[in-house]
1. What is the spin-label model distance, in nm, from Gln7 to Arg139 if the labels are put 7 Å beyond Cα along the C-beta direction?
2. Please determine, in degrees from 0 to 90 and to the nearest 10, the orientation of helix 3-14 with respect to the longest principal axis defined by the Cα atoms of the chain, where the helix direction is its Cα long axis.
3. Determine which residues of segment 191-212 fall in the zone a paramagnetic label at Glu156 would reach in this model, i.e. backbone nitrogen under 16 Å from the point 7 Å along Cα→Cβ.
4. Report, in degrees rounded to the nearest 10, the 0 to 90 angle that the Cα long axis of helix 201-211 makes with the longest principal axis of the chain.
5. Please report, in debye to the nearest 20, how large the charge dipole of the chain is about its Cα centre when each Lys and Arg carries +1 at its beta carbon and each Asp and Glu carries -1 there.
6. Let me know the number of lysine pairs in the chain closer than 26 Å at the Cα, not counting same-chain pairs under 8 apart.
7. Quick check on packing: order 184-191, 133-140, 170-177 by the mean number of other C-beta atoms within 10 Å, highest mean leading.
8. Could you please report the charge total around His135, scoring K, R as +1 and D, E as -1 over all other residues with beta-carbon less than 10 angstrom from its beta-carbon?
Amino acid sequence: MPERLEQQVRKLDADEGLAAVGTATVIIDKQGKPMGRFPTAHGATAVRDGLHALRTTPVHGSMMLRKKHLATVGGYREAFSASQDFDLWLRLTEQFAIDNLSQPLYQWRITPDSVTANRRRLQLQYGGIALAFAHERRRCGTDSYSLLERCAGDLEHFAAQYRFRGRVYGFWGDSVFRALNDPRTARFYLGQAIRCGYLHPWTVGLFAWSLLGFRWPGGKPLPNSPAGTDQSTE
């Protein structure tokens, strides 16, 4: 969609406070047939809130970013071998605004084997760490990225050493339940969170729900993240 870049440049030129702008996204199948829209938030506040609530995330391939803002927050962080973009959006929204154009100017091609179960689980785990880091930065001014680097992809080892491990386990349990409908694994992580003293009412309630063996009690589960796992087309 050739008009996408033009409209994004116009949006950035009109608002110096914007660090990045994406667009609404159409999901297409192997043959290019539209299957629906990927959920995207519109308005800087809605984008930020959607990230923190694990409801929506900007579509990475649709984004246009200001280079200076990217450099200000440290760019992409390599230790996030999955969900690098999610970590970046969280850090950007702490200092700047991100928005999406409401027009569907980007297409994401998804096939049944686009995201394997193991890859999806890894995305969710790194996403939980990114959210815990966001909390840590608000509370302490910095995060434990160096610990994540030292753990070299061993996320269970990272969580066992991390000072906010209960929050990480809570996020993992929540997201595994939501996105994978896996109450057994969710129960394990939620139980770990509670044992670490992370007694958020949602975590405790979800743990009790998982004990009953029920599936995810909410609405639609988290969509697959399109970052780095699909074929995209403009």
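1. Taking the simple label geometry, Gln7 and Arg139 are separated by 4.1 nm.
2. 80
3. From segment 191-212, the list is 191-193.
4. 70
5. Values: 30 positive and 22 negative charges, 122 e Å.
That gives a dipole near 580 debye.
6. Working: Lys11/Lys67; Lys11/Lys68; Lys30/Lys220; Lys33/Lys220.
Value for the chain: 4.
7. Numbers: 184-191: 19.8, 133-140: 15.8, 170-177: 26.2.
Highest to lowest by the protection proxy: 170-177, 184-191, 133-140.
8. Working: positive: Arg137, Arg138, Arg139, Arg167; negative: Glu136, Asp143.
Charge balance near His135 sits at +2.
None of the figures in this text is laboratory data; all of them are computed from the coordinates on show. Computed from a predicted model, the values in this text were never measured in an experiment. Virtual Cβ from ideal backbone geometry, glycine too; neighbours counted across all protein chains shown.
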